[in-house]
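See structure below.
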Amino acid sequence: MIHKTPRVLKWFYPSLVWNISTAEKNIYLTFDDGPIPEVTDFVLATLAEYNAKAVFFCVGDNIRKHPEVFERVVQAGHKVGNHTHNHLKGWNTEDQPYLDNVAECEVFIGVHTSNLFRPPYGRIKRSQIKALKPQYKIVMWDVLSADYEKFLSKESCLEGSIKATRPGSIVLFHDHLKTYEKIQYVLPRYLAHFSKLGYRFELIP
């Protein structure tokens, strides 16, 4: 399992944000696919224990279904980003429907927009990048926790994520029902590990 994003991908898509250049011991946490009752609430409570901030890349339809959970994310001082309205894979979607779906998500994000966007599955065409760049900072990741991977043990998920993390890493977790069991184990231990090393969990600027 590759937890560290290959350099060739960063080289091939240099206009996308993969990590944050910093001399500080900062880590940039991100959570995809929420907001989801119970799962997102667990993440929020765990982050609060470690005074950690994160960007939640939200699916618009989940905001529509769970506005109260979305509001708790915002009230806790986290940023929210656009993850399309229906979790569309850009490679399999024509440009205009894809852009329309991004715009639909933005309606539900409303005044809380940060102009951060992450393509679901990390799959996005160059033409879609070009169309979105004037409005959004397109954020990928430096560390993939792979918390969604069915055949990856929770112990391996934690170990791989820790080993791949460096100062300035953008780390991808999911607040999703499929990942809930795993992140209950991984997230608090990940935060505890790096907190003891003097790291801070900051918002993507």
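With helices as the sole contributors, the chain gives -12000 deg cm²/dmol at 222 nm; each DSSP H run of n ≥ 4 counts as -39500 (n - 2.57), and the sum is divided by every residue. Remark: the range 180-194, residue by residue, has Karplus-estimated 3J(HN,Hα) of 4, 4, 6, 6, 4, 8, 6, 4, x, 6, 5, 5, 5, 4, 7 Hz, where x stands for each Gly or Pro and the curve is 6.51 cos²θ - 1.76 cosθ + 1.60 at θ = phi - 60°. Using only Cα atoms, what is the ratio of the radius of gyration of the chain to 2.2 N^0.38 Å? For the chain, the normalised Cα radius of gyration comes out at 0.95. For Y136, no residue 5 or more places off, or on another chain, has a built amide H under 5 Å of its own. What translational diffusion coefficient, in µm²/s and rounded to a whole number, does the Stokes-Einstein relation yield for the range 28-81 at 20 °C and a viscosity of 1.002 mPa s, taking the hydrodynamic radius as the Kirkwood radius over Cα pairs? It diffuses with D of about 199 µm²/s by this estimate.
Here's how it looks for I124: its modeled amide H is under 5 Å from those of W91, which are all 5 or more places away or on a different chain. Across the options N51, S156, G77, the greatest Cα extent toward the positive end of the charge dipole of the range 7-201 (unit charges at beta carbon of Lys, Arg, Asp, Glu) belongs to S156. Taking 24 Å as the cut-off for C-alpha to C-alpha distance, list the pairs among K4/K178; K25/K163; K4/K53; K65/K89; K4/K154; K25/K182 that go past it. Correct reply: K25/K182. A simple rule links phi to the HN-Hα coupling: the Karplus curve 6.51 cos²θ - 1.76 cosθ + 1.60 with θ = phi - 60°, which for the range 130-138 gives 4, 5, 8, 4, x, 9, 10, 8, 8 Hz, with x for Gly and Pro.
Placing a pseudo-label 7 Å from each Cα along the Cα-to-Cβ vector at A45 and S195 gives an inter-label distance of 1.5 nm. Rg/Rh for the range 100-205 (Cα atoms only, Rh after Kirkwood) is 1.01. One decimal place: the segment S21-Q135 gains 38.9 nm when fully extended, by the rule 0.36 nm per residue minus the C-alpha distance. Amide H contacts of V59: D33, G34, each under 5 Å away and 5 or more positions distant or on a separate chain (H built 1.01 Å from N in the peptide plane; Pro and chain starts excluded). Calculated on the alpha-carbon coordinates, the convex hull of the range 83-161 measures out at 117 cubic angstrom per residue. Taking the Cα centre of the chain as reference, the dipole from Cβ charges on Lys and Arg (+1) and Asp and Glu (-1) amounts to some 840 debye. Stokes-Einstein diffusion coefficient for the range 1-67 at 4 °C in a medium of 1.567 mPa s, Rh from the Kirkwood formula over Cα pairs: what value in µm²/s? Here the translational diffusion coefficient equals 90 µm²/s. What does the C-alpha gyration tensor say about the overall shape of the range 1-122? Classify as rounded when a/c is under 1.5, otherwise prolate if a/b is larger than b/c, or oblate. Since a/c reaches 1.5 but b/c is at least a/b, the shape of the range 1-122 is classed as oblate.
Computed from the coordinates by the stated procedures, all read-outs in this text should not be read as laboratory data. Computed from a predicted structure; not experimentally measured. Neighbour counts are summed over all protein chains in view; Cβ atoms, including those assigned to glycine, are modelled from backbone coordinates with ideal geometry.
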